[in-house]
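Comments concern the structure below.
The values are calculated or read from the model by the stated rules, or taken from the named source; none is laboratory data. As the structure is a computational prediction, the values presented were derived from the model and not from experiment. All Cβ positions, even for glycine, are placed from backbone atoms using ideal geometry, and neighbour counts span all protein chains on display.
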Amino acid sequence: MRDADDQDFAEFYASAFSRLVGQVFLVTGDLRDAEDLVQEAMARASTRWGRLRDYDVPEAWVRRVAMNLAADLGRRSRRRLAAMTRLAAMPATEVVEFPAEDLRIVKALGTLPLSQRQVLVLHHLADLPLAEVATTLRVPVGTVKSRLKRARRALAALLSAEEPKGATQDAHHG
């Protein structure tokens with residue numbers, strides 16, 4: 001956006017945001033969700049502002065997007081609730097305990113970009129072949145390979161940096 005467009009959008013945002021949040025809140029029943037949904041709709045509008053600013057009522061476009069997002073959120077919530085209800089009816093299982101080493105790996109994985117975490121988990125933990133990982137993520141096999149290489153390198157660096165000092169010394173003197 002150019003400076004004039006930025007200013008124009010900023011004025012539009014300031015004038016419409018609260019009103020739209022109020023409307024979406026009445027649909028969602030949750031103020032935080034309403035704010036998030038309107039914010040997302042505004043973000044989408046900002047990338048199209050060059051065209052939207054010429055609409056008779058650009059706010060109507062943002063409202064429609066926010067309402068569509070609210071409907072999507074409602075559907076996801078209903079599916080989640082139905083799944084949780086089914087799971088609650090299942091017999092209880094033992095609580096899974098993770099060894100400290102697993103928690104270190106989970107923590108290190110959490111620092112990697114999502115695309116790298118996905119290929120590591122699908123290939124190494126779910127034991128999917130590279131072609132199936134590529135199909136699952138809808139990317140070429142070459143992309144999976146390069147992400148996997150970067151992810152392995154980053155994970156190794158993270159885990160070696162976190163290694164307890166005594167463990168390294170013991171390994172060299174034992």
Restricting to the stretch 1-17, name every residue that is over 18 Å from residue 44 (Cβ atoms) and either hydrophobic (A, V, I, L, M, F, W, C) or surrounded by 11 or more Cβ atoms within 10 Å (Cβ to Cβ) (or both).
4, 7
Just to be sure, is residue 73 surrounded by 11 or more Cβ atoms within 10 Å (Cβ to Cβ), in the same structural domain as residue 152 (by TED's automatic domain parsing), of a type in the set (A, V, I, L, M, F, W, C) and modelled with pLDDT under 95?
no
Can you list the helices (runs of 4 or more DSSP H) lying wholly within the stretch 29-117 that have 1 or more residues being within 18 Å of the chain's Cα centre (by Cα)?
31-47, 58-88, 100-111
Select from the stretch 1-27 the residues that are farther than 17 Å from residue 37 by Cα and small (Gly, Ala, Ser) and list them in ascending order.
4, 10
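Across the stretch 26-38, which residue is nearest to residue 8 (Cα to Cα) among those that are of a type outside the set (A, V, I, L, M) and free of Cβ contacts under 8 Å to residues at least 12 places away in the same chain? Let's see the steps before the verdict.
Residues of the stretch 26-38 of a type outside the set (A, V, I, L, M): 28-30, 32-33, 35-36.
Still in the list and also free of Cβ contacts under 8 Å to residues at least 12 places away in the same chain: 29-30, 32, 36.
Details: 29: 31, 30: 29, 32: 26, 36: 22 Å.
Step by step, filter the stretch 26-38, then rank; the result is 36.
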Please name all residue pairs, on different chains or six or more residues apart, with Cβ atoms under 8 Å, provided the first residue is in the stretch 57-68 and is among the aromatic types (Phe, Trp, Tyr) and the second residue is in a helix (DSSP H, G or I) and crowded, with 17+ Cβ neighbours inside 10 Å.
61/45; 61/52
Can residue 122 be described as touching a residue at least 24 places away in the same chain (Cβ under 8 Å), surrounded by 11 or more Cβ atoms within 10 Å (Cβ to Cβ) and assigned to a helix (DSSP H, G or I)?
no
